[in-house]
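Peer 1: Structure below; questions to follow.
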Amino acid sequence: MAKGDKKKKPEKTTPEQSLSTFLSNGSHAGVVSEPHVLDEESGHETDVMTASFSSQPPLADKQLERSDDAFHEVPVLPNIIVQRYEGEKYLEQFHGEGVAYFQGGHVYKGMFSVGVMHGHGLYTWADGVKYEGEFAFNVPMGHGTYTWLDGSCYEGEVCSGIRHGVGTYRCANSSVIYRGQWHHSKRHGKGTIYYNQEATSWYEGELVNNNREGWGVRCYPSGNLYEGQWRNNVRHGEGRMRWLQLGQQYSGIWENGFQHGQGTHTWFLRRVTGSQYPLRNEYTGDFVQGLRHGQGSFYYASGALYKGEWKDNKKHGQGKFIFKNGRIFEGEFVDDHMAEFPAFCLDGANTPDLSGIRTHTPHPEDSESPRRAPGGDSGSGPALLGPDMALDITALLENLPENQRDLQLKQVEFVVLRHIAELRAIYSFYSSLGHDQSPDNTFLLSRLQLWRLLKDCSIHQQGITLAQVDRYICAEDVPSEDIHSPFSTMLLRRFLSCVVVLAYNTYHKDIEPSDTILVACLSKLMRENIIPNAMNVKGLLFPKPMHAVIAVNYIEKCWEIYKAFCRANPTPLADQTMTVRHFIWMFKDLSLFDAELTTGKLLEILSVENPAAYDRYYCNLDLEMTFLEFFEALLGCAEVSDQRDGQTSSDSQMESCPLADTPGERTRDSPLQRSSQRHSPLTGPTAKSSNPNISPDVGSVKSLEMGKSKEILQLSTSEEMEPRQSPNAAGNLTSQTGEPVEDRSGAGMTSCPAETELDSWVQRTHQFFTQRFFPAYEYSLELRREVQEERLRQTALARIALAKAKEDARLREQWEAEEEERRREEEEDEEAERVEGPEDDLNPSPAAQTPVASTTSVVITKQSPATAAKKKRK
């Protein structure tokens with residue numbers, strides 16, 4: 001900033017040119033404006049049955065976007081001249097706090113050091129653009145905020161005058177907000193983009209040079225959702241798209257925004273409430289540019305099936321059509337019709353007339369058959385209940401005299417018919433617990449929900465545990481590891497059979513044997529347990545619907561941990577369950593006990609619904625625990641455990657996280673926490689967070705505005721992402737400090753007590769599972785792996801040492817044997833010399849007997865045989 005420097009005209013430059021100019025001259029670097037992309041999923045609503053055969057949902061986005069290279073025209077001043085300075089000086093140099101007025105109308109107010117801008121300051125250009133933040137030797141460096149005249153702003157990390165690091169950009173004109181990673185002033189890395197103020201349109205995932213590229217999730221304003229791989233802002237790779245209004249879903253390969261390759265397209269049919277048959281139209285096979293083309297199979301909701309060749313969304317070529325009644329037509333299809341019967345309609349909406357079509361019945365060994373409803377292939381059962389409610393209690397009837405079985409079965413069916421309305425309502429109510437919505441309005445009762453029903457009806461207090469109930473009602477072909485699985489489902493008729501079996505095993509000892517014992521047991525169960533108590537949900541998992549929807553995201557990981565700590569039972573089924581003793585040992589092994597969560601408190605939590613576990617004087621450590629009891633006990637522990645360690649861990653994670661909110665800024669959290677993210681702070685993110693193909697369907701959580709309860713979460717357990725897993729899906733409702741997330745509209749925020757209670761519960765639960773329980777388990781697994789590796793290493797070392805010892809022993813024995821042989825030979829030589837010695841003395845040598853002939857004579861010495869042999873060996 002030496003006086004006398006010439007002033008140059010402002011130039012429009014790229015960020016890289018601005019960077020080099022700034023570094024060389026200490027002036028302002030170019031700061032780009034944020035391009036915005038507005039895309040909307042377009043298309044017309046069509047009839048589901050018609051659309052399922054003739055067309056694909058619309059795929060193209062209507063995008064109104066500016067170039068990603070469009071910049072705000074910010075003057076770049078290669079040389080700036082100070083016209084006036086007001087402030088502190090040291091040795092005639094600007095030093096300390098002051099204000100500098102530059103030629104051209106630019107102003108800097110802040111800290112100086114030895115004549116240069118250094119420290120915190122505010123630089124205002126003549127056109128009104130401002131930068132407030134850290135300076136280092138005349139260069140914006142560190143953390144700062146750029147503000148433009150239209151209200152747009154950037155707050156985050158700045159390097160050499162450009163956006164580089166982690167920061168948040170807000171565009172005032174288009175309401176676009178981006179929070180994430182930057183590289184040389186471009187969106188690059190992982191981040192989240194909100195495309196509208198209502199946060200109904202957003203993208204979260206990976207970006208490369210301002211483009212969506214890699215793995216990401218895109219939610220459109222219509223609610224349609226795509227999760228998968230991107231390239232150059234279009235869907236490319238493997239991914240899943242769901243059209244919510246059309247009730248359709250595609251999962252498979254994409255190429256340049258179109259379905260192209262192997263995939264599955266599903267058309268969901270909205271069923272009436274209480275339906276158990278979630279059949280839908282579904283095509284699995286080849287796609288070309290968004291059309292069914294190549295080899296593929298189409299499963300109709302009616303049960304019919306077509307398998308063969310396709311061309312431009314129509315059946316064309318050789319194929320096989322299996323009608324819903326099992327009749328089969330094989331032949332050529334042309335333009336979606338049978339070549340031999342062109343007038344025959346295959347739209348699937350009406351029952352076709354097969355009188356004029358040559359078909360044949362399938363052979364018994366024919367593996368191709370239409371899809372049928374779950375359980376629909378079993379026997380029709382007695383006509384009294386019908387095939388949809390036929391009881392399967394054959395194993396139970398075998399305990400009764402043979403002459404009473406038919407009568408007992410008929411009487412039980414009458415009792416079931418008398419209570420069928422209540423039982424249907426109970427089935428429908430409990431099968432929907434923990435679910436936000438279903439794409440086709442169908443729910444099947446899971447084992448987890450059945451356990452909740454039994455506990456609500458106090459079955460576990462009748463001298464029978466839920467684990468024993470599982471053994472009573474399990475089918476003969478169920479693997480031992482699935483007997484206590486919380487994910488197994490059952491139809492209504494299976495549920496009715498289970499109720500009858502449960503009634504007999506619960507009360508048959510209390511009722512006198514008679515020809516109506518089954519009726520008496522079932523009537524008592526309905527009268528004393530089910531009717532008075534059903535649909536009055538207790539426990540910690542299902543009573544509050546929003547809590548249940550959030551908590552189910554932690555179930556999969558908890559089930560893995562439950563199985564890891566189970567032990568085999570000495571029963572004919574050889575199943576594995578957990579006992580109270582194992583549960584306490586687990587907490588001790590994982591070091592989860594603290595000042596608040598003690599062994600006594602843990603027993604109190606277990607005894608809330610099951611007094612048999614603990615009554616302050618007696619503790620039944622051998623009491624079996626199902627997964628529901630295990631999981632609800634964990635939820636109880638989350639309520640009482642000391643969260644201080646978890647909060648500290650959370651804060652440290654936020655400080656180290658590259659996508660954490662920048663200092664001084666409270667922005668809304670990411671709209672989607674992929675269940676694929678790793679919950680363990682010990683090991684960091686796993687590959688699952690970047691790969692959409694590694695996950696079961698566990699759901700996702702969308703955090704919008706904390707001031708509106710209906711926008712707190714949008715969580716779908718049955719139709720959203722593959723979620724990853726993920727137990728940490730609910731952790732984004734509040735900031736890591738527990739403060740409410742910022743309201744983007746700028747209006748004041750008021751939270752009702754219900755919302756505050758929900759936020760607090762979500763935070764406590766999230767911290768317990770993702771920052772204590774899951775990391776402790778992961779650490780124990782890592783420790784076990786290290787111990788196992790150390791054992792293997794020690795075993796290998798011991799094996800090597802043993803082999804070496806054996807070799808040393810063998811060499812020692814060989815050496816000793818050689819030494820022994822040498823000593824023996826020496827002794828033999830010495831013995832031979834002693835024997836031959838006197839003979840040599842008695843016989844004088846030839847030299848002594850032969851006179852010397854000359855002065856040079858040769859002495860010939862005769863050696864003994866022993867001496868000769870010794871020299872020969874040497």
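Peer 1: Spot the failing condition for R772; the list is (1) among the basic types (K, R); (2) over 30 Å from I555 (Cα atoms); (3) touching a residue at least 60 places away in the same chain (Cβ under 8 Å), and only one is missed.
Peer 2: So the condition that R772 fails would be (2).
Peer 1: Hey, among G119, G105, which residue is assigned to a loop (DSSP other than H, G, I, E, B), at positive phi and not basic (K, R)?
Peer 2: G105
Peer 1: What are the residues in segment 198-221 that are of a type in the set (G, A, S) and at pLDDT below 90, if any?
Peer 2: A199 - this is the single residue of segment 198-221 that is of a type in the set (G, A, S) and at pLDDT below 90.
Peer 1: Taking the options Q767, Q763, name whichever one is over 22 Å from D589 (Cβ atoms), at pLDDT below 95 and either open to solvent by less than 80 Å² (accessible area, probe 1.4 Å) or in contact with a Pro (Cβ under 6 Å, 6 or more places away or on another chain) (or both). Quick ask: steps written out before the conclusion?
Peer 2: On the way: Q767 fails: over 22 Å from D589 (Cβ atoms).
The conditions single out Q763.
Peer 1: Every residue in segment 186-229 that is hydroxyl-bearing (S, T, Y) and either surrounded by fewer than 21 Cβ atoms within 10 Å (Cβ to Cβ) or in a loop (DSSP other than H, G, I, E, B) (or both), please.
Peer 2: Matches in segment 186-229: Y195, T200, S201, Y220, S222.
Peer 1: Against the definition (crowded, with 17+ Cβ neighbours inside 10 Å and either over 30 Å from I162 (Cα atoms) or not assigned by the TED database to the domain that holds R163 (or both)), how does L279 come out, yes or no? Can you show your working first?
Peer 2: Numbers: crowded, with 17+ Cβ neighbours inside 10 Å: yes; either over 30 Å from I162 (Cα atoms) or not assigned by the TED database to the domain that holds R163 (or both): yes.
It is true that L279 is crowded, with 17+ Cβ neighbours inside 10 Å and either over 30 Å from I162 (Cα atoms) or not assigned by the TED database to the domain that holds R163 (or both).
Peer 1: For segment 450-484, which positions are within 22 Å of S432 (Cβ to Cβ) and either free of Cβ contacts under 8 Å to residues at least 40 places away in the same chain or basic (K, R) (or both)?
Peer 2: R452, K455, V469, I473
Peer 1: Okay, moving on. Out of (1) assigned to a helix (DSSP H, G or I); (2) surrounded by 22 or more Cβ atoms within 10 Å (Cβ to Cβ), the odd one out for K410 is which?
Peer 2: (2)
Peer 1: Is one or more of the residues making up segment 108-117 touching an Asp or Glu at 6+ places or on another chain (Cβ under 8 Å), aliphatic (A, V, I, L, M) and at pLDDT below 90? Please lay out each step first, then the result.
Peer 2: So the first thing to find is which residues in segment 108-117 are touching an Asp or Glu at 6+ places or on another chain (Cβ under 8 Å), and the list is 110-112.
Those left that are additionally aliphatic (A, V, I, L, M): 111.
Next, only the ones that are at pLDDT below 90 stay: none.
The answer is no; no qualifying residue exists.
Peer 1: Let me ask another. Does V552 fit the bill of being under 30 Å from Q411 (Cβ atoms), open to solvent by less than 40 Å² (accessible area, probe 1.4 Å), in a helix (DSSP H, G or I) and β-branched (V, I, T)?
Peer 2: Spelling it out, it is not the case that V552 is under 30 Å from Q411 (Cβ atoms), open to solvent by less than 40 Å² (accessible area, probe 1.4 Å), in a helix (DSSP H, G or I) and β-branched (V, I, T).
Peer 1: Every residue in segment 456-473 that is in a helix (DSSP H, G or I), open to solvent by 10 Å² or more (accessible area, probe 1.4 Å) and over 16 Å from S488 (Cα atoms), please.
Peer 2: H460, Q461, Q468
Peer 1: What do you reckon, is D482 at pLDDT below 85 and under 18 Å from M578 (Cα atoms)?
Peer 2: In short, yes.
Peer 1: Please go through segment 524-550 and give me each residue that is of a type outside the set (A, V, I, L, M) and closer than 19 Å to V500 by Cα, ordered by number.
Peer 2: Residues of segment 524-550 of a type outside the set (A, V, I, L, M): 524, 527-529, 532-533, 536, 538-539, 542-545, 547.
Matches in segment 524-550: K524, R527, E528, N529, P532, N533.
Peer 1: For segment 235-252, enumerate the residues that are farther than 18 Å from S438 by Cα and surrounded by fewer than 18 Cβ atoms within 10 Å (Cβ to Cβ).
Peer 2: G237
The values are calculated or read from the model by the stated rules, or taken from the named source; none is laboratory data. Worth saying up front: this structure is predicted, and the values here are computed from it rather than measured. Backbone-built Cβ (ideal geometry, glycine too); neighbour counts: all protein chains shown. Accessible surface areas use protein heavy atoms only, side chains included; no ligands, DNA or RNA. Shrake-Rupley method; radii C 1.70, N 1.55, O 1.52, S 1.80 Å.
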